[in-house]
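The numbers here are math on the coordinates, done by the rules we state, and not lab data. Owing to the predicted nature of the structure, the values given are computational and were not obtained by experimental measurement. Positions of Cβ are generated from backbone atoms using ideal geometry, with glycine treated the same way; all protein chains shown enter the neighbour counts.
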Amino acid sequence: MSFAIARQPIYDREGNLFAYEVYLRKSDEPDKYPSEVPFSRATYIITNILLEHGFDKVSGGKKLVINVSFESLLNKSLELLPLDKVIFDINPPDVPIGETVYKKVLEKVKDFKRSGVLFILHPKLYTSNYKDLIALVHIIEFFKDDVSKEKISGAKRNGKKVLVSMIENEEEYKSFYEWGADYFEGYYLGKPEVILNVELAPFLKVTLFRLMNALTHAKSLKEIADVIGSDVGMAVKFLKFVNSAYFARRKKIEDLQHAVAYVGLENVKKFVLLIALNEYMKLEHPELWKRSLIRAHIAEELMNKSSPQMAEKAFLVGLFSLLDKILGVDIPSFLEELNVDEEVVNAFRDENAPLRKVLDIATRLEEALNKGPEELDRVASELSLEMGIPEIDLILLTKDAEEKARNLLKI
């Protein structure tokens, strides 16, 4: 999968270029948003691409408007941007939020304002429910089909600037200008233009490297919880994961530190990596990713029977086993650049490596499962004789791996 970063101009009343709004788009269809990508994830992708490829390369020296869902303002990656050149367009929350999160976001908005950030408010948030937020933003946005002279006047009486977007012709532009709008955006003034095309593989490599490096340096459950919590999207998915059928819990866990403690320090890095990969791989090649997940769980369970201390590495070997087909990369080279454990890398280079054997067995079982019950019975029977593990155990652990993979894909 590849993404495109497009920008669209916003003009002021004098006709000067005020800023560019940036969007995530499909590379092959630059007019369309990649609908399979959650909105909060799009903000994260755009932010990381801007950091990786250069903010000024996209902005051309102007301010950039970045759409951010309400709760995603807590994402620490936003703090890495040149804040005096950024305008955050606050969109409705992607997930239900409570009073605690609402107050945290308000405080974050105040912090950002002190650093020079400007804020635009999405039309759906211009209600009495968000009066504290309205008081903090600089610009109120209205879509051209839902704006009136009275709405513009009301916003300006409250000391706010007004942006009207989606303007399609000169008549609309002149009306909104006469009504007192301050900023203008739409196809009439300029269509989005693609500035960058970015392939998923290198982007994902950078994202995973940052995540793994942060987790490696975290020394306690609280520090690991803080790393996860720095990305709101990751935090939500991690809690959803811990409360999913994967763990078959009866009581819901709502606190990140509790979730990390429940999973265990030895497992949390593996699961966070798994969730981060899952976010993108199920968009790229969902069927191949499901097969990777099945292999990972089969390999882990097999290693638990013989060398439990190697089970986590066996899991990773299975997880990475189809990266060449999913991302079009050389697996060992990709993993080396991520600083993945050498034993895991060697499983893809050395046919006699300790982890290679378990990968080969996991692959045989997964491929047999993919072909149907009769083939799985046949392969399990062969492997039972080779390994001294009851045939029924091999069949059950393979089907259990399939169920775990199915649950993960729902997260």
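Loop exposure criterion: GluC sites (Glu not before Pro), DSSP state outside H, G, I, E and B, at most 15 other Cβ atoms within 10 Å. Applied to the chain, the longest stretch between such sites is 37-167.
Note on the stretch 36-91: with charges restricted to the Cβ of Lys and Arg (+1) and Asp and Glu (-1), its dipole about the Cα centre is near 140 debye. Taking other C-beta atoms within 10 Å as the exposure proxy, 146, 12 rank 146, 12 from fewest upward.
In deg cm²/dmol and to the nearest 500, what is the mean residue ellipticity at 222 nm of the chain if only DSSP H runs of at least 4 residues count, each as -39500 (n - 2.57), divided by the residue total? After summing the helix terms and dividing by the residues of the chain, the value is -17000 deg cm²/dmol. Between 0 and 90 degrees, rounded to the nearest ten: what's the tilt of helix 200-217 against the longest Cα principal axis of the chain? Helix 200-217 sits roughly 80 degrees off the main axis of the chain.
Residue order for 17, 50, fewest other beta carbons within 10 angstrom first, comes to 17, 50.
Toward the positive end of the charge dipole of the chain, with +1 on the Cβ of Lys and Arg and -1 on the Cβ of Asp and Glu, the farthest Cα among 127, 92, 9 is that of 127. Against the chain, whose longest principal axis is taken from its Cα atoms, helix 391-409 shows a tilt of about 0°. Round to the nearest 10 and give me the degree value, 0 to 90, for the angle of helix 99-114's Cα axis relative to the longest principal axis of the chain. Compared with the principal axis, the helix lies near 60 degrees. Shape summary of the chain, radius of gyration then Dmax from alpha carbon positions: 24.9, 84 Å. Both the radius of gyration and Dmax for the stretch 10-112 are 14.5, 42 Å, in that order, over alpha-carbon atoms.
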